[in-house]
Amino acid sequence: MSAVAGGLIPPSRSALLVRRADQWARRNTTTIIVGAILAVLIAPPIIIVVYSSFVGGTNVWHGTRTLGHYRYVFSQGTSLSAIENTFVFAAGSAMLAVVLASLVAFFVERTNAPFRRFVYFTVIVALGVPILVEAMGWILLLGPNNGLINSWLRDLFGLNAPQINVYSMFWMVVIQSTITFPAVFLLVAPAFRLADPALEQAAAVSGAGRLMTLRRVTFPLVRPSLLAALLLSFIVGIESFEVPALLGTPSHIGVLSTAIYREISNAVTPDFGAAAVYATLLMLVTIIGLYLYQRATTRAHRFVTVTGKAYRPERIRLGRYRWLTAVVTLLVPLIVLAPILILFWSSFLRYYAPPSRGELKFLTLSNYHAVLHTPEFTSALKNTFILGASAALLVMAFGLVAAWGVLRRPSRLSKGVDYLGSLPLVVPGVVLSLAVVRLFLNFPIGIYDTTWIILIALVIHYMPWGLRFNHAGLITQHRELEEAADVSGANRVYVFFRILVPLMRPTLVAGGLFVFMATLRQLALVIFLAGPSLNVVSSWIWAIWNNANLAQASTAAMIVTVPVLIVAAIFYKVTGAGGDASQGFSAR
Amino acid sequence: MLKVTGLEKQFATRDSDVVRALDGVSFVVPQGSLFTLLGASGSGKTTTLRSVAGLERPESGRIEIDDVAVFDGSRALFVPPNKRDLGMVFQSYAIWPHMTVFENVAFPLRVKRKGRAEIREAVDRTLALMNMEHLAKRSSSLLSGGQQQRLALARAIVASPRLLLLDEPLSNLDAKLRERMRFELKRLQVETGLTTVYVTHDQMEALALSDEIALMHDGRIVQQAAPAEIYHAPASAYVADFIGSTNLLRGTLRGGDGVGGRCVVQVGDASISGVLAADAPTGAEVAVAVRPESIAMELLPRSEQEPTPGALHGEIRSSVFLGESTDFLVSAEALEVRVRVSGVNPGFAIGDAVRLRLPETGLVFRSETTADQAPGLPQTEADGAVTDTIAEAVL
């Protein structure tokens, strides 16, 4: 320590400036480093994908500027219908999901309906299953020829029986809503649970009857939460890739996300310009949706009294109608689980046939044997786990440092880093996949077609979650716990590893598991990044499903679903089932 | 020794106003003494302490510990907290829950890379000093409030810091324990001889513990003195009001012998003698500070309606039983006067007509210094509760 001798000669102005800048840099070292990494990681792909929608030619670095792609896209009838389809699909599935979820949430949280625990169980299981797998399952259930339900209908009503056409907008909406359902449920259930019971008791004391109280107090109180859930599932619908790709493509029902895929993968020469236009449109819609969502949640938070006090709202006793409500609490979860069950069945058959007693004798483990001895699959499995674990580690590490900057060293800089890290929220998986390809395809450093490119995409995509988890965890840690270590004489690195990380361990574990689990389910994000030489499980399943190898696809789906479910179980054990679930929304 | 000179710090509020959190704070804490920063919340006492610790960065001013500057605004000098060699007890105690009691105390020594045996010896000695050697192996998340407090203290002193900083260390304890810990703290400070800065909003704590008290208000030190002096000779109406409960009786100055001398104040119809604490011209609006326990109250016989010289006549409005004494709120001459009568059975009832004899030593202040306060309304939380009770009783 420099003993300042009396302070007789005041230091020069420039020396003061240098000293101040030095102190500022010391104070914000970690934020500066993480900010720089995130800026290099996140900003370029997003900028490049928007920019490339204005550039002609395949090489984004040497193209001419043009509006031609926009002119081309808007002259196509298919693109206008894609925009319309996107809205219908997203709005329809969002509304259906919220109606279903709030109905179930009401019965589970506020009545003594049976099977309440079962609902939570299925919701958590369903959250762990890859969406691609669920969509495949629905095709097995509702497919026009071999679909289980259609064959039942034929058995019941003969050959002229009404047939369900799963390859239609109506069924796309229904299926998407069952896929969004678990997350929406976890989002709205706390609103029903956490409402201060005194508010309802006050209404009752004022002379309002049960129904009156429900109508005038209970539902108005949860309405903002429902609106927030509606907007978020709308965004999820807009970004959804798997369901439109599997169910919409055969009957030419295109949405924006599949339009991007079509321009890149199905064309003879990929049209990056048109794809970038679709991507830009998709981001615009997402930005609007997210903006509305943010406004809605601020309002929702004003209503839901989260005081940390464990409210125990009164349950409505349903009396003799109690068992009737099982229709809701049993049927909805079964519908959500149905596609997984049928895939489970399918994975034990060499040649698929709908479940029946006659088929039981054909059950075999040979598919599992075959899949586990396919080198492409095992290497894809290894890649998936390594990538998922690395992404989880990096995301939580960056997230912790960035969140620490925001909360402990608040400044414009740390706020900027926070915004930067949250930016990927507006970039749907397919768009990010395209953006990363576009950036690195002609990049001077050859990292295209390596695992690095997938890791970069995963880290970018899950960065907002790393921030949110760490922010939520750190905000509950009293800052004096760190200050006590500062005053005790510990330097920042020491405080970070000896105090902060141990204190944040539950958050880091929960967030890491969440990200890991989500990466295992990810298809849209890797769709353009994975290839024959570099596969992850979801892209491998996608490829063999497109080759009509149903048996192996469903077997592989089961093999990846089981570890995901185990991780999901640990995750909810760590976080307390449903407790922190609103954080873990949209595990995609 | 700690020397703080001219600390200034501003905070921007949400409506982009600027609040002067510290407005030229200066004081010196001699080696080995216990110095208290006393004040209401928002007075700047905690900001001052955190600036000394290096957890807060003032805009200007100078802080020296043992004649070495750790902060100097004019030279952009700032020594980070981990290089200041301090011990600090936080309001929340900040006990690390992932460590045992022993590890918590050992932390400052481990940071300094002391040897294993030395750490063991120092921690054991400190825990013994705090009477908690039997808890060494316990997980620190299993401690009671009082034990946590003692653990925080042990951690703060184990490395023999140059300065011990205490940020409202007793405020999270219940009343009984707080009183006991007060003695404990004092004993410890005397035994270790550590130069200590103590922050509190509790005037009783400050009076009981301190060698010297600095009362802060709006980012400034309004009076700095030894406990007895600050109690008996407050420098302003604000201080008089803050330290102990005080009646501030408003009136007009009728003349006197200048500052420090006798004067007469017209309060309603009555004339009251007092000591002029600050210069004021005859005819000025003043307030007489009178402690409730120094007013003598007696029943007024029905026959005696003539005004008594130097006394106030009034009627008892309400009473609050405090155990060893009883507080009465008396309305007299459009004033509300609080009177404390000691003894279990004071012999007064609500509605009684009474005569209040005021001491001739009440300090007289210029009234504008108390413009923002209603007379007799005490500022401390504990006293606030009493007034609230009285107010409720009146209603």
Which one of these does B:Asn131 not meet: (1) away from every other protein chain (no Cβ under 13 Å); (2) in a loop (DSSP other than H, G, I, E, B); (3) within 19 Å of A:Arg498 (Cα to Cα)? (3)
Strands (runs of 3 or more DSSP E) wholly inside region B:1-102 that include at least 2 residues being away from chain A (no Cβ under 11 Å) and either buried (at least 23 other Cβ atoms within 10 Å of the Cβ) or modelled with pLDDT of 90 or more (or both): B:2-12, B:18-29, B:34-39, B:60-65
Cβ pairs under 9 Å, 6+ apart, first in region B:104-116 and within 7 Å of chain A (Cβ to nearest Cβ) and in a helix (DSSP H, G or I), second of a type in the set (S, T, N, Q) and surrounded by fewer than 14 Cβ atoms within 10 Å (Cβ to Cβ): B:Val111/A:Asn491
Selection status of A:Arg193, among the basic types (Lys, Arg) and either in a loop (DSSP other than H, G, I, E, B) or without any contact (Cβ under 8 Å) to a residue 60 or more places away in the chain (or both): no
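Would you confirm, using the coordinates I've provided, whether A:Phe443 is in contact with a Gly (Cβ under 8 Å, 6 or more places away or on another chain) and modelled with pLDDT under 85?
Numbers: in contact with a Gly (Cβ under 8 Å, 6 or more places away or on another chain): no; modelled with pLDDT under 85: yes.
No.
Pick from B:Thr282, B:Thr246: which is among the hydroxyl-bearing types (Ser, Thr, Tyr) and either crowded, with 19+ Cβ neighbours inside 10 Å or within 27 Å of B:Leu215 (Cα to Cα) (or both)? Before the answer, list the steps.
Working: B:Thr282 fails: either crowded, with 19+ Cβ neighbours inside 10 Å or within 27 Å of B:Leu215 (Cα to Cα) (or both).
Only one candidate qualifies: B:Thr246.
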If A:Leu474 passes every condition in (1) facing chain B (nearest Cβ under 8 Å); (2) in contact (Cβ under 8 Å) with a residue 60 or more places away in the chain but one, which one does it miss? (1)
Would you please name the residue that is modelled with the lowest pLDDT, looking only at residues in region A:52-67 that are surrounded by 16 or more Cβ atoms within 10 Å (Cβ to Cβ) and part of a helix (DSSP H, G or I)? A:Val60
Among the residues of region B:147-160, is any surrounded by fewer than 18 Cβ atoms within 10 Å (Cβ to Cβ), among the aliphatic types (A, V, I, L, M) and free of Cβ contacts under 8 Å to residues at least 60 places away in the same chain? no
Looking at (1) buried (at least 21 other Cβ atoms within 10 Å of the Cβ); (2) in contact (Cβ under 8 Å) with a residue 60 or more places away in the chain, which one does A:Arg116 not meet, given that it meets all the others? (1)
Just to verify a result, which residue in region A:104-121, among those that are of a type in the set (A, V, I, L, M) and over 13 Å from A:Pro182 (Cα atoms), is modelled with the lowest pLDDT? A:Ala113
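Filter region B:1-53 down to the residues that are in contact with a helix residue (DSSP H, G or I) (Cβ under 8 Å, 6 or more places away or on another chain) and β-branched (Val, Ile, Thr) and list them by number.
Of all residues in region B:1-53, those in contact with a helix residue (DSSP H, G or I) (Cβ under 8 Å, 6 or more places away or on another chain) come to B:2, B:4, B:7-9, B:21-22, B:25, B:34, B:36-40, B:53.
Across region B:1-53, the qualifying residues are B:Val4, B:Val25, B:Thr36.
The values are calculated or read from the model by the stated rules, or taken from the named source; none is laboratory data. Everything quoted here is computed from the prediction, not taken from an experiment. Please note: Cβ atoms are built from the backbone with ideal geometry, for glycine as well, and neighbour counts cover all protein chains shown.
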